[in-house]
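The structure appears below as structure tokens.
The values are calculated or read from the model by the stated rules, or taken from the named source; none is laboratory data. All values reported here derive from a predicted model rather than from experimental measurement. All Cβ positions, even for glycine, are placed from backbone atoms using ideal geometry, and neighbour counts span all protein chains on display. Ligands, DNA and RNA are excluded from the accessible area calculation, which covers all protein heavy atoms including side chains. Shrake-Rupley method; radii C 1.70, N 1.55, O 1.52, S 1.80 Å.
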Amino acid sequence: MAGNSQRRNRRTSNKKGATVGSGGNRRRGLEGKGPTPPASARKGHVKNRVANAKAKQASRRPVVRRGGKGQSEMVVGRNPVFEALRDGVPATTLYVQQFIDNDERVREALNLATGRGNINIMEAPRPELDRMTNGLNHQGLVLQVPPYEYAHPEDLAEAAYDDHDEPLIVALDGVTDPRNLGAVVRSVSAFGGHGVVVPERRAAGMTAGAWKTSAGTAARTPVARATNLTRCLEQYQKAGLTVVGLSADGDTEVHELEALSGPVVIVVGSEGKGLSRLVGETCDFLVRIPMPGGAESLNAGVAAGVVLYEAARRRMG
């Protein structure tokens, strides 16, 4: 009976025995984890990507890359040759027709070519100049322009980082007018940008017309050529740059975009078609330029200038 009573008491007892403590784990779990790390140390943050890209470039051996060469070009006619020489278009040889009428334009062109000191001046009979220019009306003057030496797209960002700057680059998508390319080069130079990227195919290249429109700034603002513009933009994103596309249907107005104060690639499409589908989908942001006057679009040179000004204003502030 006594044994049964003891078993019954054990079953009905609510008294708890000794329990194992947490060893202070709960108290430590309530303690703070220290100050929030800076943005450059937070994984996934854009400043972290920039810091990683800079560190990677600092440890990388210098590699000589080229974006390829353009084609040589002939500038023909007395006024075009004079203007090309006056505006600093690179040239290797000035061909002058034998027994040419020595008018004012011819004398000015000869003086400019002689003053450069690195341009060969050669006389040639008219039939030879006709053959060289495929029968164009050369008026006795032909200027040989050498192929343009394009930079590699990665060189533009790396040069900016080397100068402790945030890269500011313009990429052109479907812009086929060399004068627009020259105007963009001029704007990039004016607002402290680091270069221009153009696709290898179906796009304007650095011709004599582009050189002239750049008003001499092409000599100090590199132009890079990309085999595939979409892949080029993706590489820039991996290097920590934000890709901003200009679009009439953009969700954000250009003056509202804070990303312009950091490393950025501004993508400008053609005046008629805008950005291509793949390029537009690759962009991190699509922004629009407000136009109270009601114009439907701006040409590439003007549009790039507006956004570059906003980027430069933010960086100076």
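Hey, does region 185-196 have a residue that's more than 17 Å from the chain's Cα centre (by Cα) and among the basic types (Lys, Arg)?
Checking region 185-196: not a single residue is more than 17 Å from the chain's Cα centre (by Cα) and among the basic types (Lys, Arg).
For region 270-302, name all the residues that are open to solvent by 10 Å² or more (accessible area, probe 1.4 Å), closer than 13 Å to VAL184 by Cα and touching a strand residue (DSSP E or B) at 6+ places or on another chain (Cβ under 8 Å).
The answer is SER270, and nothing else.
Looking only at residues in region 148-176 that are in contact (Cβ under 8 Å) with a residue 40 or more places away in the chain, in a loop (DSSP other than H, G, I, E, B) and open to solvent by 60 Å² or more (accessible area, probe 1.4 Å), which one is nearest to THR207 (Cα to Cα)?
In this case the residue turns out to be THR176.
Rundown of residues vs (1) of a type in the set (Ser, Thr, Tyr); (2) within 20 Å of GLU271 (Cα to Cα), yes/no style:
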residue: SER187; (1), (2): yes, yes
residue: HIS194; (1), (2): no, no
residue: VAL197; (1), (2): no, yes
residue: ALA203; (1), (2): no, yes
residue: SER214; (1), (2): yes, yes
residue: ARG231; (1), (2): no, no
residue: TYR236; (1), (2): yes, no
residue: ALA239; (1), (2): no, no
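Would you check which residues across region 308-317 are of a type in the set (A, V, I, L, M) and open to solvent by 60 Å² or more (accessible area, probe 1.4 Å) and list them?
If the condition is that a residue be of a type in the set (A, V, I, L, M) and open to solvent by 60 Å² or more (accessible area, probe 1.4 Å), then MET316 is the only one that fits.
Taking the residues in region 124-147 that are surrounded by 13 or more Cβ atoms within 10 Å (Cβ to Cβ) and over 24 Å from TRP211 (Cα atoms) as candidates, determine which candidate is farthest from the chain's Cα centre (by Cα).
Per the stated criteria, the residue is ARG126.
Among the candidates ARG65, ARG78, single out the residue that is among the charged types (D, E, K, R), modelled with pLDDT of 90 or more and open to solvent by less than 50 Å² (accessible area, probe 1.4 Å).
Criteria check complete, one pass: ARG78.
Only one of (1) more than 12 Å from VAL170 (Cα to Cα); (2) open to solvent by less than 30 Å² (accessible area, probe 1.4 Å); (3) not acidic (Asp, Glu) fails for SER261. Which number is that?
(2)
Output the residue which, of all residues in region 194-231 that are among the β-branched types (Val, Ile, Thr) and not in a helix (DSSP H, G or I), is surrounded by the fewest Cβ atoms within 10 Å (Cβ to Cβ).
THR227
Would region 250-258 turn up any residue that is of a type in the set (A, V, I, L, M) and modelled with pLDDT of 90 or more?
Scanning region 250-258, I find at least one residue that is of a type in the set (A, V, I, L, M) and modelled with pLDDT of 90 or more, so the answer is yes.
Does GLY305 satisfy the criteria of being open to solvent by less than 20 Å² (accessible area, probe 1.4 Å), within 25 Å of PRO167 (Cα to Cα), touching a strand residue (DSSP E or B) at 6+ places or on another chain (Cβ under 8 Å) and not hydrophobic (A, V, I, L, M, F, W, C)?
no
Can you report the number of residues in region 232-258 which are open to solvent by 30 Å² or more (accessible area, probe 1.4 Å), part of a strand (DSSP E or B) and either acidic (Asp, Glu) or in contact with a Ser or Thr (Cβ under 7 Å, 6 or more places away or on another chain) (or both)?
So the count comes out to 1.
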